[in-house]
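Asker: Here it is: the structure, laid out below.
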Amino acid sequence: MHLKRWLTGIIALPVLIYLVGFSPRWIFHGFLCAAAIVGLFEFLRMTVPAMPEALRTVSLAPVILLFWWASKGSYFLLLALFSLSVAIPIAYHLFMPGRDRADAIEEAARIVFGFSYVCLPLAMLVFIDRHPAGNVWIFFLLSVVFASDTGAFYFGRFFGKRRLHPSVSPGKTWEGAVGGMLCSLVPVYIFQAFFHAGKVSVFFLALTLAAVGQIGDLAESLLKRSCGVKDSGGILPGHGGVLDRIDGVLFAVPVLYVYLAWVAV
């Protein structure tokens, strides 16, 4: 498992660098859309395993529209997608024969939750990408979160003694959490030359991204535990599913989005 984890990372890293830094933007935005679709499918399979595949499929329409509009900069249209994400599953239950109407509200709520949890943060990356030097900020975000994740894993493995949240994730420790925070500062010095913001500002941004990313990791563990599954999927050998790999990123993206909107202006 450990070897698979590193092999997957080594193979994926140059692809990710190309997509974020050098590919035509529509390819990168399409990649984010694909990740959102797979992530939403994983979420729905965990939380509503009995949901018909047809309903899962039609629920993708708001996701595709979300990334299309985000890529075009149509901010004012995005609120309509929340209504669509509710209307589609309700309409499915209304007009599809043989459906148990008692499941309508629960399934609609799970779809909206998954849309907000998985798809909106990834769409925010599209908006960040449209920001001046947006791809550099995305590199910074991913570097901080992944450095924190890796640091937490190894510090916890070699020095971990005090359980961080045993009822949710027994393997995580306070020592690992602190080690992850320390490792998250390494990208600050690597990327500082690319930023116009002050060093102190970026320093605290990295710590905040790392802390929120670790909360996102715990949130994914809580989700999987409540659903009785070990991994969200198996698409990434050694990592699990897409949600297993981007759980911290999903929570960290809104922090960077707010930072770019209010601080780095």
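Asker: Could you look through the range 165-186, keep only residues that are assigned to a strand (DSSP E or B) and in contact (Cβ under 8 Å) with a residue 40 or more places away in the chain, and pick out the one that is nearest to Phe203 (Cα to Cα)?
Answerer: If we filter the range 165-186 for residues that are assigned to a strand (DSSP E or B), which is where we start, we get 165, 169-173.
Applying the additional criterion that residues be in contact (Cβ under 8 Å) with a residue 40 or more places away in the chain yields 165, 169, 172.
On the way: His165: 26, Ser169: 28, Lys172: 24 Å.
Once the filter is applied, the top-ranked residue is Lys172.
Asker: Is it true that some residue in the range 143-150 is open to solvent by less than 20 Å² (accessible area, probe 1.4 Å), among the hydroxyl-bearing types (Ser, Thr, Tyr) and either without any contact (Cβ under 8 Å) to a residue 12 or more places away in the chain or more than 30 Å from Ile10 (Cα to Cα) (or both)?
Answerer: We begin by selecting, within the range 143-150, every residue open to solvent by less than 20 Å² (accessible area, probe 1.4 Å); these are 144-145, 148.
Then keep just the ones that are among the hydroxyl-bearing types (Ser, Thr, Tyr); that gives 148.
So of that shortlist, the ones also either without any contact (Cβ under 8 Å) to a residue 12 or more places away in the chain or more than 30 Å from Ile10 (Cα to Cα) (or both) come out as none.
No, the range 143-150 contains no residue that is open to solvent by less than 20 Å² (accessible area, probe 1.4 Å), among the hydroxyl-bearing types (Ser, Thr, Tyr) and either without any contact (Cβ under 8 Å) to a residue 12 or more places away in the chain or more than 30 Å from Ile10 (Cα to Cα) (or both).
Asker: Next up: Could you check how many residues of the range 90-116 are open to solvent by less than 80 Å² (accessible area, probe 1.4 Å), charged (D, E, K, R) and modelled with pLDDT of 75 or more?
Answerer: Residues flagged as open to solvent by less than 80 Å² (accessible area, probe 1.4 Å), charged (D, E, K, R) and modelled with pLDDT of 75 or more within the range 90-116 amount to 2.
Asker: Step by step: first the residues of the range 215-237, then only those that are open to solvent by 60 Å² or more (accessible area, probe 1.4 Å) and among the aliphatic types (A, V, I, L, M), then the one that is nearest to Phe41 (Cα to Cα). Which residue is that?
Answerer: Ile235
Asker: Specify which of the listed residues (Leu250, Leu182, Leu164) is at pLDDT 90 or above, of a type outside the set (Phe, Trp, Tyr) and surrounded by fewer than 22 Cβ atoms within 10 Å (Cβ to Cβ). It would help to see each step written out before you state the result.
Answerer: On the way: Leu250 fails: surrounded by fewer than 22 Cβ atoms within 10 Å (Cβ to Cβ); Leu164 fails: at pLDDT 90 or above.
Going through Leu250, Leu182, Leu164 in turn, the sole match is Leu182.
Asker: If you don't mind, another one. Every residue in the range 43-55 that is within 21 Å of Leu250 (Cα to Cα) and open to solvent by less than 10 Å² (accessible area, probe 1.4 Å), please.
Answerer: Residues of the range 43-55 that are within 21 Å of Leu250 (Cα to Cα), as a first pass: 43-48.
Within the range 43-55, Phe43, Leu44 meet the criteria.
The values are calculated or read from the model by the stated rules, or taken from the named source; none is laboratory data. Model, not experiment: these values are computed from the prediction. All Cβ positions, even for glycine, are placed from backbone atoms using ideal geometry, and neighbour counts span all protein chains on display. Calculation scope for accessible area: heavy atoms of the full protein, side chains included, ligands and nucleic acids excluded. Shrake-Rupley method; radii C 1.70, N 1.55, O 1.52, S 1.80 Å.
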